[in-house]
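The values are calculated or read from the model by the stated rules, or taken from the named source; none is laboratory data. Note that the structure is a prediction, hence the values are computed from the model and not measured. Note that each Cβ is placed from the backbone with ideal geometry, even for glycine, and that neighbours are counted across all protein chains shown.
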Amino acid sequence: MGISSFSGWEVVIGLEVHAQLATKAKIFSGASTAYGAEPNTQACLVDLGYPGVLPVLNEEVVRMATLFGLAVNATVARRSVFARKNYFYPDLPKGYQISQYELPIVEHGELFITDGDGNERRIGITRAHLEEDAGKSIHEGLGASSGIDLNRAGTPLLEIVSEPDLRSAKEAVAYLRKIHTIVRYLGISDGNMQEGSFRCDANVSVRRLGQKELGTRAELKNLNSFRFIEKAINFEIERQIELIKDGGEVVQETRLYDSDKDETRSMRSKEEANDYRYFPDPDLLPVEISEEYIEAIRVTLPELPDAKQQRFVNDYDLKSDAAAILTTSRALADYFEAVVGATDARAQVAANWVLGELSGALNRENKGIGDSRIAATDLAGLVNRIHDHTISGKIAKQVFEAMWEGEGTADEVIEAKGLEQITDSSAIETIVDRVIAANPGPVEEYKAGKDKLMGFFVGQVMKETQGQANPEQVNQILKAKLND
Amino acid sequence: MTELHSQTLTELAIGLESGDFTSVELTQALLDRVAEHNDKLNAFVTITADEALATAAHADAARETGSGGVLNGLPIIHKDIFCTRGIRTTCGSKMLENFVSPYDATVVEKLSAAGAVVLGKSNMDEFAMGSSTETSYFGPVRNPWNLDCTPGGSSGGSSAAVAARIAPAATGTDTGGSIRQPASLTGTVGIKPTYGRVSRYGMIAFASSLDQAGVITRSAEDAARLLGVMAGFDARDSTSIDQPVPDYTLSIGDSIKGLRVGIVREHFDAGLDQQTGARVKEAIAVLESLGATTVEVSLPNLDLSVPTYYVVAPAECSSNLSRFDGVRFGHRAEDPEDLLDLYCRSRGEGFGDEVKRRIMTGTYVLSAGYYDAYYLKAQQVRRLIADDFKKAFANVDVIAGPTTPSPAFKLGDKVDDPITMYLNDIYTIGANLAGLPAMSVPCGLVDDLPVGLHLVGAHFTEEILLRCAHQYQQQTDFHTACPEAFK
Amino acid sequence: MPLDKDQVHHIAMLARLKLSDEEYAESIEKLSKIVDFIDQLSQAQTDGVVPMAHPLDAAQRLRPDAISEIDERDAYQENAPAVSGGLYLVPKVIE
């Protein structure tokens, strides 16, 4: 499935992200939001919707929403209102969710992605609003019952809604990755899709090219990895196109993505045309945000991914791709810059090591940069030893592995294993002479014109020196002696 | 010494301080009256005799060491809408018949911290929805002035108990008149403070933007004392206002000379019973004799206040009552077939007719296609009504009129027609819509049944209302009249 | 304008209320009266009037982001009709 366009058809995608805000306490109560507690041990009376209790707003969520709004160039509302979204479901204890409806805290934002052809595309963000999360239901192991855990009820969410500006699954993923990066950069969400702190829903519709009206859209849910999102959207696009081609009509419905079967399925009607009867929550007053507050938050904005990426390209002479990967997380970018700051080598070299060996090691162990077994300054130390020719790049890989296993800094490993590069010309000459003497056949062939054999000779010398001979010098000396 | 049960809270406080009697003696005397009279009145849902006596004993000990609060050892009753830790809180409903709250409402906490003794939880219209206490799951309350009549509602139990001298004071809540109307019909004093003056935390919600906690007593002086304890900012209630609470008992003794009293042109019309109107006019004349001046004011949108209320209140309550679903507390239907059955039957069985009717009305006015015509429209009219009051208060300090259009009606009289029942609230509802403080003060009898003078003030002018009422009560003795059977 | 049976059924369903046939009949009658009554609002002149959601002209107060609640599950679940392993039980929901 690598097709990013369906000829004759246009795809229209709008995305909703629910990002759990990383506060200590819940949006309307003082219960903890920590993940993984025993059922209902973090559900206080307010979260349980007990009779007589009332919500009080957590100031941190206002700060976080404001920060997000500023980061995506949006308008932060001077006045926003909480509204009740009324429906019945066991994980919704009050029988309504406190959300925002007509007057959300953030509106009219944007972000930029690179499309399939490498062009920058602007994607509109319609709005972002604050709301409380619902609890969780457990359906297995309880016989004819389902069990409700309300620990999650009341956790703050920022719901981010895009304009239906996306035109392919790839773009959708690019947008989502961008949002994911931004919220982590801002420190407002840990973006953990497995734990459910970053949830994506996609609204997908198709229309024939040139058609003015939008097609009927289906909402895709249960998309918990970027890979699945792309597959789900592509499946859905194909499904809708086939359906229309066969003379059918797309139904407006919610569909779940089944990753095992790689297909979307209609959800058994949980919604049955829900009328949410939104109205302003009378237990809460309008949230008023002043200019001063907004400016005070604005100065705390960190350098954002796009700006950082551009700066890496400009200041470190990196390619756009490499800079993009290095800036996917603030932690990774900071690590990289720490390495650069501690070495005289070109930043590109540092980038190669961070994106190559280091990322490889991290991925193999499913670790993030925060769990790296090699500190940035130590990696810089390794880079420095290549830079000053103490070791070759090849040997450096060995050193890296030893460092990863905790055997010490680059210098310690080099010393302990005696890996210093051999740069003593006379030592190399001795070995070169030995290799030439031991291989009369190939020497003759080389002298007869088979230049390719230089690689063989270099290999032999390196073998004799356990790879520690300085490759340039080996080449030089070999050439000199063989061309005699 | 006057019988303990006939004394006001203020008199009892003096008596306790002077050592004329102990809190335990007082509490026991009142508990005896509960036992003697409650069957007739059905004013209580739960009587907390043991707890009351224990608190009273505690209060007596505290008095010895001078460490008691300002209400030390004084008995009160809580309307069964206030959550009381460890004591059943039913809200007059089968839905919460066995609900024991794990926490105290702020109002309960404050009064207990001041040393009050709680005799029990009073009966009320189910979920505060009603004007006669006839919708209570626990049966209607009767008016001590005439046992065939209603004491009003929804704080009927509180008003009946105070009028019958079973307790000197009782808490109540007022959403459309539920403190003031029963006070009027039972010859007691009832005050609903400014919206946000008293915390709603722990007060089971009916209509969140209208509900306020208040108190029913036999004198303005008593109301002043209690309100001072109940009022104040509460961080747990976002609609609670952070404004200092004055000592309401300090200024009630001041003269009302020069007080400008507004008389609403639209009040004295055909809907008002002639005799009731006469009592109210007489009361206003007393105010004038004390130096107040009267000014005619107009509240042109007054007649829309009842339909406005009956859009806003049901809308909010339909949402507030969604939490009663049989899952975490409250009535749960037996052997539910599926989730839908659990919800529909638990709620169908747990709620009474009036509550279901208001939930459905509220659901309707918020539903798709109707929101603009009803809910949004009602909120606009609400602003018009609030603005009418604002304009009036530019020229007057207090607005005076009747609390109810007539005295108490017979039980069963209005149950069939919801609209006739709703129109009982015509004079009181405006204050809830605009969030204004208001009180009812006994001003005489009509056919041997009490009626009340209604006073409304601008935001946070409880002092003016209490002073006006207190000065009136220095000149009249309607508030000391007791129904014959309860003397 | 009176409400019809379908409307009342729909409302009762949205509100998750099970009503008996008599209750339905009574509801249709009484709700229709109530709707008639509140229809009076349409007479009011409200162009340009800002709806009033609160009697107070105040802004929402903010509280600090601090954990102030402890685990009191057992106390709270004393009121629960059906629990198991700390979970509130409902008839199985199929999603």
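Among the residues of segment B:41-49, are any among the hydrophobic types (A, V, I, L, M, F, W, C) and over 26 Å from the mean Cα position of the chain (by Cα)?
In the first step, residues of segment B:41-49 are kept if they are among the hydrophobic types (A, V, I, L, M, F, W, C); the result is B:41, B:43-45, B:47, B:49.
Imposing the further condition that a residue be over 26 Å from the mean Cα position of the chain (by Cα) reduces the set to none.
No, segment B:41-49 has no match at all.
Starting from residues that are touching a Cys at 6+ places or on another chain (Cβ under 9 Å) and of a type outside the set (A, V, I, L, M, F, W, C), keep the ones in segment A:39-59 and report whichever is surrounded by the fewest Cβ atoms within 10 Å (Cβ to Cβ).
Among residues in segment A:39-59 that are touching a Cys at 6+ places or on another chain (Cβ under 9 Å) and of a type outside the set (A, V, I, L, M, F, W, C), the one surrounded by the fewest Cβ atoms within 10 Å (Cβ to Cβ) is A:Gly52.
With segment B:157-264 as the region, which helices (runs of 4 or more DSSP H) entirely inside it contain at least 3 residues that are among the small types (Gly, Ala, Ser), within 16 Å of B:Gln473 (Cβ to Cβ) and touching a residue at least 60 places away in the same chain (Cβ under 8 Å)?
B:220-230
Out of all the residues in segment C:65-92, which are more than 7 Å from chain A (Cβ to nearest Cβ), under 22 Å from A:Val56 (Cβ atoms) and not in a loop (DSSP other than H, G, I, E, B)?
Across segment C:65-92, the qualifying residue is only C:Ala75.
For segment A:275-295, what are the residues that are among the aliphatic types (A, V, I, L, M) and within 34 Å of the chain's Cα centre (by Cα)?
A:Val287, A:Ile289, A:Ile294, listed by residue number.
Take the residues of segment B:335-354 that are under 28 Å from the mean Cα position of the chain (by Cα) and within 17 Å of A:Asn86 (Cβ to Cβ): which is nearest to the other protein chains (Cβ to nearest Cβ)? Full working, then the answer.
Looking only at segment B:335-354, we keep the residues that are under 28 Å from the mean Cα position of the chain (by Cα), and these are B:347-354.
Going one step further and asking which of them are within 17 Å of A:Asn86 (Cβ to Cβ), we end up with B:347, B:351.
On the way: B:Arg347: 5, B:Phe351: 7 Å.
Per the criteria, the residue is B:Arg347.
Taking helices (runs of 4 or more DSSP H) that do not extend beyond segment A:291-333, which have at least 1 residues that are out of contact with any Phe, Trp or Tyr (no Cβ under 6 Å at 6 or more places or on another chain), within 23 Å of A:Tyr175 (Cα to Cα) and at pLDDT below 95?
A:305-316, A:320-326
Sort through B:Asn143, B:Asn98 and tell me the only one that's among the polar types (S, T, N, Q) and crowded, with 24+ Cβ neighbours inside 10 Å.
B:Asn143
Quickly run through segment B:102-132 and pick out the residues that are within 14 Å of chain C (Cβ to nearest Cβ) and surrounded by fewer than 24 Cβ atoms within 10 Å (Cβ to Cβ).
If the condition is that a residue be within 14 Å of chain C (Cβ to nearest Cβ) and surrounded by fewer than 24 Cβ atoms within 10 Å (Cβ to Cβ), then B:Pro102, B:Tyr103, B:Asp104 are the ones that fit.
For segment A:60-82: of the residues being at the interface with chain C (Cβ under 10 Å from one of its Cβ atoms) and touching a Leu at 6+ places or on another chain (Cβ under 8 Å), which is surrounded by the fewest Cβ atoms within 10 Å (Cβ to Cβ)?
Per the stated criteria, the residue is A:Arg79.
I'm checking my understanding of the structure. Among residues of segment A:199-226 that are in contact with a Pro (Cβ under 9 Å, 6 or more places away or on another chain) and not in a loop (DSSP other than H, G, I, E, B), which one is surrounded by the fewest Cβ atoms within 10 Å (Cβ to Cβ)?
Per the stated criteria, the residue is A:Asn203.
Is one or more of the residues making up segment B:25-41 modelled with pLDDT of 95 or more, of a type in the set (Val, Ile, Thr) and not in a helix (DSSP H, G or I)?
No, there is no match, as no residue in segment B:25-41 is modelled with pLDDT of 95 or more, of a type in the set (Val, Ile, Thr) and not in a helix (DSSP H, G or I).
Is it the case, given these coordinates, that B:Ser298 is modelled with pLDDT under 95, under 30 Å from B:Cys91 (Cβ atoms) and more than 10 Å from chain A (Cβ to nearest Cβ)?
So B:Ser298 does not fit the description; no.
Take the residues in segment A:141-162 that are among the charged types (D, E, K, R) and closer than 30 Å to A:Thr66 by Cα; name whichever of them is farthest from the other protein chains (Cβ to nearest Cβ).
Looking at the filtered set, the residue picked out is A:Glu159.
Tell me which residues, restricted to segment A:408-422, are at positive phi and under 38 Å from the mean Cα position of the chain (by Cα).
Filtering segment A:408-422 down to residues at positive phi leaves A:408, A:418.
Across segment A:408-422, the qualifying residue is only A:Gly408.
Pick from B:Val456, B:Val446: which is out of contact with any Gly (no Cβ under 6 Å at 6 or more places or on another chain) and surrounded by 24 or more Cβ atoms within 10 Å (Cβ to Cβ)? Outline the logic, then answer.
On the way: B:Val446 fails: surrounded by 24 or more Cβ atoms within 10 Å (Cβ to Cβ).
None of the other options fit; the residue is B:Val456.
Kindly provide the set of residues from segment A:332-351 that are among the polar types (S, T, N, Q) and surrounded by fewer than 16 Cβ atoms within 10 Å (Cβ to Cβ), ordered by number.
If we filter segment A:332-351 for residues that are among the polar types (S, T, N, Q), which is where we start, we get A:343, A:348.
The answer is A:Gln348, and nothing else.
Within segment C:59-73, identify whether any single residue is free of Cβ contacts under 8 Å to residues at least 12 places away in the same chain, on the phi > 0 side of the Ramachandran plot and buried (at least 20 other Cβ atoms within 10 Å of the Cβ), and answer yes or no.
Checked against the condition, which is being free of Cβ contacts under 8 Å to residues at least 12 places away in the same chain, on the phi > 0 side of the Ramachandran plot and buried (at least 20 other Cβ atoms within 10 Å of the Cβ), segment C:59-73 yields no hits at all.
Which residue pairs have Cβ atoms closer than 9 Å, lie 6 or more positions apart in sequence or on different chains, and pair a first residue in segment A:56-72 that is in contact (Cβ under 8 Å) with a residue 12 or more places away in the chain with a second residue that is among the aromatic types (Phe, Trp, Tyr) and assigned to a helix (DSSP H, G or I)?
A:Val62/A:Tyr293; A:Arg63/A:Tyr293; A:Thr66/A:Tyr293; A:Ala71/A:Tyr185
Please determine whether any residue of segment B:32-42 is buried (at least 19 other Cβ atoms within 10 Å of the Cβ) and more than 19 Å from B:Thr186 (Cβ to Cβ).
No: zero hits.
Given the residues C:Ala25, C:Ala12, C:Ala53, which is the only one that is within 27 Å of B:Ala368 (Cβ to Cβ), modelled with pLDDT of 95 or more and small (Gly, Ala, Ser)?
Working: C:Ala25 fails: modelled with pLDDT of 95 or more; C:Ala53 fails: modelled with pLDDT of 95 or more.
When all the criteria are applied, what remains is C:Ala12.
Taking segment A:106-140, which residues are within 14 Å of chain C (Cβ to nearest Cβ), at pLDDT 95 or above and part of a loop (DSSP other than H, G, I, E, B)?
Within segment A:106-140, A:Ala134, A:Gly135 qualify.
Among A:Ala43, A:Ala34, A:Ala25, which is the only one that is facing chain C (nearest Cβ under 9 Å) and either in contact with a His (Cβ under 8 Å, 6 or more places away or on another chain) or under 30 Å from B:Met95 (Cα atoms) (or both)?
A:Ala43
On the given criteria, is A:Tyr50 assigned to a loop (DSSP other than H, G, I, E, B) and under 27 Å from the mean Cα position of the chain (by Cα)?
Criteria not met by A:Tyr50.
Of all residues being outside any helix (DSSP H, G or I) and among the aliphatic types (A, V, I, L, M) in segment B:320-366, which is surrounded by the most Cβ atoms within 10 Å (Cβ to Cβ)? Just the residue, please.
Residue satisfying both the conditions and the ranking: B:Val327.
Can you tell me how many residues within segment C:20-51 are of a type in the set (Phe, Trp, Tyr) and more than 7 Å from chain B (Cβ to nearest Cβ)? Steps first, please.
As a first pass, look at segment C:20-51 and keep what is of a type in the set (Phe, Trp, Tyr): C:24, C:37.
Among the residues that remain, those that are also more than 7 Å from chain B (Cβ to nearest Cβ) are: C:24.
Summing the residues that are of a type in the set (Phe, Trp, Tyr) and more than 7 Å from chain B (Cβ to nearest Cβ) in segment C:20-51 gives 1.
Could you please let me know if B:Leu185 is more than 13 Å from B:Lys79 (Cβ to Cβ), surrounded by fewer than 24 Cβ atoms within 10 Å (Cβ to Cβ) and of a type outside the set (Gly, Ala, Ser)? Full working, then the answer.
Values: more than 13 Å from B:Lys79 (Cβ to Cβ): yes; surrounded by fewer than 24 Cβ atoms within 10 Å (Cβ to Cβ): no; of a type outside the set (Gly, Ala, Ser): yes.
It is false that B:Leu185 is more than 13 Å from B:Lys79 (Cβ to Cβ), surrounded by fewer than 24 Cβ atoms within 10 Å (Cβ to Cβ) and of a type outside the set (Gly, Ala, Ser).
When you go through A:Ala469, A:Ala438, A:Ala427, A:Ala380 one by one, which is the residue that is at pLDDT 90 or above and surrounded by 13 or more Cβ atoms within 10 Å (Cβ to Cβ)?
A:Ala380
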